[in-house]
Amino acid sequence: MKGLRLLVLIGIAGVVLAYFALDLGRYFTLEMFHAQWATLSAFLGAHPVLAPAIYFSVYVAMAAFSLPGATLLTLAGGAMFGVGYAVVLVSFASSLGALLAFLSARFILRDAVAARFGERLRAVDEGVARDGAFYLFTLRLIPAFPFFLVNLAAGLSTLPARTFYWISQLGMLPATVVYVSAGTEIAGVDSLSGLISFKVLASLALLGIFPLLAKKAIEVASSRRVYAGWPRPVHFDRNLIVIGAGSAGLVAAYIAAAVRARVTLVEKHRMGGDCLNTGCVPSKALLRSAKLLSQIRRARDYGIAHASAEFSLADVMDRVQRVIRTVAPHDSAERYRELGVECLQGEARMTSPYKVEVKGADGSQVLTTRAIVVATGAR
């Protein structure tokens, strides 16, 4: 088995090296395509069955060996065969080529990787078994990574080959349609003036915005998947519930109230959180007193012959508390109620993506909300 793996690896490496050594990539450029367009059209007319078969075989080989040029082949397919026929050819050829690359990676590398990284790979395999199909579909729909890396990574996993194939074909289909459609127009462009046409510009624009549309579709699908197990209320009590009245929670509630959202702020201890009560405000007040004492001790550095100060830590801490009391009204529940924020004292617990249970001195209540901000601090 090891000898067969080595033989396959040598064969793949030989094909890739020959491709670059013989500079075969020059045949897969837009310039070469335009130069040979008349010849290709004549051959297609004379051999309506053989021409698609050759195109299909070349595409499969390019995808299987992970050779550059698939984009040009896709565009050329649209020009040569039209949208419908080309989409069928490219969709099946690219998926079959990806499957061959997937199987090659699994046959050559899977056992070696499993032997070396068994424990770590086991966790990956568990994740693939749970969500592998969805992640593969995402990568196919939005090519965040080069396809040859996706084929390689999938081959090293335990993803079933059948699942890999149909997910790849389904995920690559939208991009295939876009590129083939663009190819029907780009094939006729032989000068800069040819670019100034509505169809060509529309095709290019579609190529540009497709990744954005695909990304948005994935976000919507992911969101629905996360919330699928939770019934969405028909009506919402609040637009926003903020859990925690520290710096982040106060700012979130303030901004929400400023845009007239119905917002509830829940704090189980003291308004202002760590910043007002134990962190920013008291520490800065203490540091200010310490800095003053330091400057008095260094009076000569400032041209003062003599200066001294008497202090007690109790007096300094009294001042710290005064500073806190001075700032506290800005973070108080009274001020935020005046701003339009409902302030509740109690402990909040999320019972669903849309519901928050608040337990206070007067009992508990469940509020429904469109959005939740969790600003509970480091703890």
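Considering the range 23-127, the qualifying helices (runs of 4 or more DSSP H), each wholly inside and each with 1 or more residues that are open to solvent by less than 30 Å² (accessible area, probe 1.4 Å), run over 30-35, 50-64, 70-81, 83-116.
A search for C-beta distances below 6 Å between a residue of the range 311-332 that is closer than 9 Å to ALA285 by Cβ and any residue that is polar (S, T, N, Q), counting only pairs 6+ apart in sequence or on different chains, returns VAL316/SER289. Please tell me if PHE147 is under 28 Å from the mean Cα position of the chain (by Cα), open to solvent by 30 Å² or more (accessible area, probe 1.4 Å) and under 18 Å from VAL178 (Cβ atoms). Spelling it out, PHE147 is indeed under 28 Å from the mean Cα position of the chain (by Cα), open to solvent by 30 Å² or more (accessible area, probe 1.4 Å) and under 18 Å from VAL178 (Cβ atoms). Identify all residues within the range 154-167 that are open to solvent by less than 60 Å² (accessible area, probe 1.4 Å) and in a helix (DSSP H, G or I); write none if there are none. Passing the criteria: ALA154, GLY155, LEU156, ALA161, THR163, PHE164, TYR165, ILE167.
Within the range 65-109, being in contact with a helix residue (DSSP H, G or I) (Cβ under 7 Å, 6 or more places away or on another chain) and either basic (Lys, Arg) or without any contact (Cβ under 8 Å) to a residue 24 or more places away in the chain (or both) holds for one residue alone: ARG106. Can you report the number of residues in the range 246-273 which are part of a helix (DSSP H, G or I) and surrounded by fewer than 17 Cβ atoms within 10 Å (Cβ to Cβ)? Adding up the residues that qualify gives 3.
Annotation note: Cβ proximity below 6 Å between a residue of the range 264-279 that is closer than 13 Å to ALA378 by Cα and a residue that is at pLDDT 90 or above and open to solvent by 30 Å² or more (accessible area, probe 1.4 Å) (sequence gap 6+ or interchain) occurs for CYS275/SER247. For the range 274-319, filtered to residues that are closer than 22 Å to LEU250 by Cβ and among the hydroxyl-bearing types (Ser, Thr, Tyr), the residue that is most open to solvent (accessible area, probe 1.4 Å) is THR278. Taking the conditions (1) of a type outside the set (S, T, N, Q); (2) closer than 25 Å to LEU89 by Cα; (3) at pLDDT 80 or above in turn, PHE145 satisfies each one other than (3). Of the residues making up the range 327-341, those that are closer than 17 Å to GLY273 by Cβ and either in contact with a strand residue (DSSP E or B) (Cβ under 7 Å, 6 or more places away or on another chain) or open to solvent by less than 100 Å² (accessible area, probe 1.4 Å) (or both) are VAL327, ALA328, PRO329, ASP331, SER332, ALA333, ARG335, TYR336, VAL341. Looking across the range 79-123, the residues that are of a type in the set (Val, Ile, Thr) and either over 30 Å from SER41 (Cα atoms) or at pLDDT below 90 (or both) come down to VAL83, ILE108, VAL113. Take the conditions (1) of a type in the set (Val, Ile, Thr); (2) more than 21 Å from PHE164 (Cβ to Cβ); (3) touching a residue at least 40 places away in the same chain (Cβ under 8 Å); VAL58 misses just one of them, which is (3).
The values are calculated or read from the model by the stated rules, or taken from the named source; none is laboratory data. Here the structure is a predicted model, which means the values were calculated and not measured. Because the Cβ atoms are built from the backbone with ideal geometry, glycine has one as well, and the counts that use them run over all protein chains shown. We work out accessible area using only protein heavy atoms, side chains counted, and drop any ligands, DNA or RNA first. Shrake-Rupley method; radii C 1.70, N 1.55, O 1.52, S 1.80 Å.
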